[in-house]
1. Ratio of alpha-carbon Rg to the 2.2 N^0.38 Å globular estimate for the range 16-112, to two decimals, please.
2. Give me the one-decimal nm value for the distance between modelled label points at residue 66 and residue 13, 7 Å along each residue's Cα-to-Cβ direction.
3. How high is the FRET efficiency between residue 1 and residue 40 when r is their beta carbon distance and R₀ equals 25 Å, given to the nearest 0.05?
4. Along the Cα→Cβ direction, 7 angstrom out, place labels at residue 75 and residue 114. What is the inter-label distance in nm?
5. Ignoring the sites themselves, what is the longest stretch of the chain with no trypsin sites (Lys or Arg not before Pro) in a DSSP loop and at most 16 other beta-carbon atoms within 10 Å?
6. What list of ³J(HN,Hα) couplings, whole Hz, do you get for the range 23-39 from phi and the Karplus terms 6.51, -1.76, 1.60, once you set θ to phi - 60° and write x for glycine and proline?
7. Short version: ³J(HN,Hα) in whole Hz for each residue of the range 97-103, in order, from phi by Karplus 6.51 cos²θ - 1.76 cosθ + 1.60 (θ = phi - 60°), x for Gly and Pro, what are they?
8. Can you give the charge dipole size of the chain about its Cα centre, rounded to the nearest 20 debye, using +1 on the beta carbon of Lys and Arg and -1 on the beta carbon of Asp and Glu?
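Each value in this text was obtained by applying a stated rule to the coordinates, not by laboratory testing. On a predicted model such as this, the values are computed, not experimentally measured, just so you know. Every residue, glycine among them, receives a Cβ derived from its backbone with ideal geometry; neighbour counts consider all protein chains shown.
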Amino acid sequence: QVQLVESGGGLAQPGGSLRLSCAASGGIFRLYVMGWYRQAPGKQRELVATITTDGSTNYASSVKGRFTISRDNAKSAVYLQMNSLKPEDTAVYYCNAKHSLGNYWGQGTQVTVSS
């Protein structure tokens, strides 16, 4: 069983930056594909970015060039650096760990972009 705990959310102004962190425990972190998803009010949860076990990354078109996902296997952590934030980035952001034996979610952290 894998436990994921997100942190780093909060309020940012348009054009500002935030860095989300996700700490993992209870599994072999380096074996998991890690990802960030988000869900805005009244909308379905959507993919933001993923990073594979060998460090390959994938981004939603809406965040490409603004967000950067990274992982630190030694710390069992994954990060999401969010720059040039827009009001439409407002959502609850969830950390995800995916493996052939399971699919795990964190509790989410709120990101609000507003002036």
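1. Normalised Rg, Cα atoms only: 1.02.
2. Using points 7 Å along Cα→Cβ, the separation is 1.7 nm.
3. Using R0 = 25 Å, I get an efficiency of 0.30.
4. 3.0
5. 1-42
6. 9, 10, 8, x, x, 8, 4, 5, 8, 9, 6, 9, x, 10, 10, 9, 9
7. 10, 10, 8, 4, 9, x, 9
8. 60
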